[in-house]
Amino acid sequence: MEKLTIKSWAIDDRPREKLVAKGKSALSDAELIAILIGSGNREESAVALSKRMLQSVDGNINELAKLSVEKLTTFKGIGEAKAISIITALELGKRRQLETAMEKPKITSSVAVFNLLQPLIGDLEHEEFWALFLNNSNKVVAKNQISKGGLTATVVDVRLLFKRALELAAVAIIVCHNHPSGKLQPSDADQQLTQKINEAGTTLDIKLLDHLIITEKAYFSFADENLL
């Protein structure tokens, strides 16, 4: 029996035609992935195969994006080329999300900071420490990675942080780091670092507006919790 290709389906079941006729938003995640892979295997259609891949990650596109080529090719009907197509499409989606966030770089709340930084560090498996440098209109003039660490910690040189702030003539900063563990509660080290940055900023007249701990789906704000 030949593979069940998209062209062999009834017109109503063809995601390509459905996209043209009804628009991209009418398609399910599985149908969009089916268009990417083109065909399934001898036992299931591309849509059925796509549904099975999504079910393996509880329907979470972000989790699917984390799968390696090796992991994706364990699904019957997914070879290296199809796996690369899936990874490429999901990475483009992630980058589009980041660019969309950068279109409105004025910071008005902790949610705005989360939306800006989550695509960068929310799903990393190691810790990274980033800073947003703001002008007097609370617009982001630059964002920089200050340090990159291991699974549970990263070392931050406060001098380098404020050196960059002075170079940019920033009047305020917001610092952020991720917790790969998914835990939002700040550690003692997080609190001590926040206090150190706050005190240094006061001396230099560069205000620390917030410190966010970011995970894949949520965040903790020192400012919102009145810990600054």
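Just so you know, all these numbers are worked out from the coordinates, no wet-lab data involved. This structure is a prediction, so every number in the text was calculated from the model and none was measured. Cβ placement follows ideal geometry from the backbone for every residue including glycine, while neighbour counts extend to all protein chains displayed.
Could you give the size of the charge dipole of segment 104-221 about its Cα centre, using +1 on the Cβ of each K and R and -1 on the Cβ of each D and E, expressed in debye and rounded to the nearest 20?
For this selection, approximately 420 debye.
Run the quick spin-label model on residue 124 and residue 195: label points 7 Å from Cα toward the beta carbon, then report their separation in nm to one decimal.
Once both label points are built, they end up 2.6 nm from each other.
Only Cα pairs within less than 10 Å get springs; with that Gaussian network setup on the chain, which residue of 198, 135, 60 has the largest fluctuation?
Top of the fluctuation ranking is 60.
Put +1 on the Cβ of each Lys and Arg and -1 on the Cβ of each Asp and Glu in segment 104-221; which of 146, 218, 110 then has its Cα farthest toward the positive end of the dipole?
Result: 110.
Residue 207's amide H: which non-local residues (gap 5+, or another chain) put their own amide H closer than 5 Å, with H modeled 1.01 Å from N in plane and none for Pro or chain starts?
For residue 207, whose amide H was placed from the backbone, the distant partners under 5 Å are 172, 173.
Taking the Cα centre of the chain as origin and charging only Cβ (+1 Lys, Arg; -1 Asp, Glu), how large is the dipole, in debye to the nearest 20?
720
Could you give each residue of segment 58-67 its phi-based ³J(HN,Hα) in whole Hz, using Karplus coefficients 6.51, -1.76, 1.60 with θ = phi - 60°, and x for Gly or Pro?
With coefficients 6.51, -1.76 and 1.60, one gets 6, x, 8, 4, 4, 5, 4, 5, 7, 5 Hz.
In segment 6-99, what is the count of Lys pairs whose alpha carbons are under 23 Å apart, counting only pairs at least 8 residues apart or on separate chains?
The number of close lysine pairs in segment 6-99 is 23.
Around residue 142, which amide H atoms from residues at least 5 apart in sequence, or from another chain, sit under 5 Å from its own amide H, with H modelled in the peptide plane?
Under 5 Å from the amide H of residue 142 lie the amide H atoms of 133, each far enough along the sequence or on another chain.
Report the FRET efficiency, 1/(1 + (r/R0)^6), for residue 163 and residue 136, where r is their Cβ-Cβ distance and R0 is 22 Å, rounded to 0.05.
0.65
Nothing charged except the Cβ atoms of Lys and Arg (+1) and of Asp and Glu (-1): what's the magnitude of the dipole of segment 45-126 about its Cα centre? Round to the nearest 20 debye.
240
Give me the net charge of residue 227's neighbourhood, meaning all other residues with Cβ under 12 Å from the Cβ of residue 227; Lys, Arg count +1, Asp, Glu -1.
Result for the local shell: -4.
If you take every DSSP beta bridge whose two residues both sit in segment 104-221, what share of them, in percent to the nearest 5, is antiparallel?
70
Could you pull out every residue, at least 5 positions away or on a different chain, whose amide H is within less than 5 Å of the one on residue 40? Hs are placed 1.01 Å off N in the peptide plane, and Pro or chain starts have none.
Amide H neighbours of residue 40, under 5 Å, 5+ apart: 4, 46.
How much mean residue ellipticity at 222 nm does the chain get from its helices, if each DSSP H run of length 4 or more adds -39500 (n - 2.57) and you divide by all residues, to the nearest 500 deg cm²/dmol?
-13000 deg cm²/dmol
Out of all DSSP beta bridges in the chain, what portion is antiparallel? Express it as a percent rounded to 5.
In the chain, DSSP labels about 70 percent of beta bridges as antiparallel.
Using a 7 Å offset from the Cα along the Cα-to-Cβ direction at both residue 89 and residue 24, what is the distance between the two label points in nm, to one decimal?
Each label point lies 7 Å from its Cα, and together they span 1.1 nm.
If the chain between residue 65 and residue 218 were fully stretched, how many nm would it gain, using 0.36 nm times the residue separation less the Cα-Cα distance?
Extending this stretch completely gives an extra 53.2 nm.
Under a 10 Å cutoff between Cα atoms, tell me which one of 15, 180, 119 has the largest fluctuation in the Gaussian network model of the chain.
Most flexible of the set in this elastic network: 15.
Given C-alpha coordinates of segment 128-228, what is the ratio Rg to Rh with the Kirkwood estimate of Rh?
0.94
Can you divide the C-alpha Rg of segment 6-99 by 2.2 N^0.38 Å and report the result to two decimal places?
It is 1.05.
Of 224, 210, how do they rank once you tally other Cβ atoms within 10 Å and put the fewest first?
224, 210
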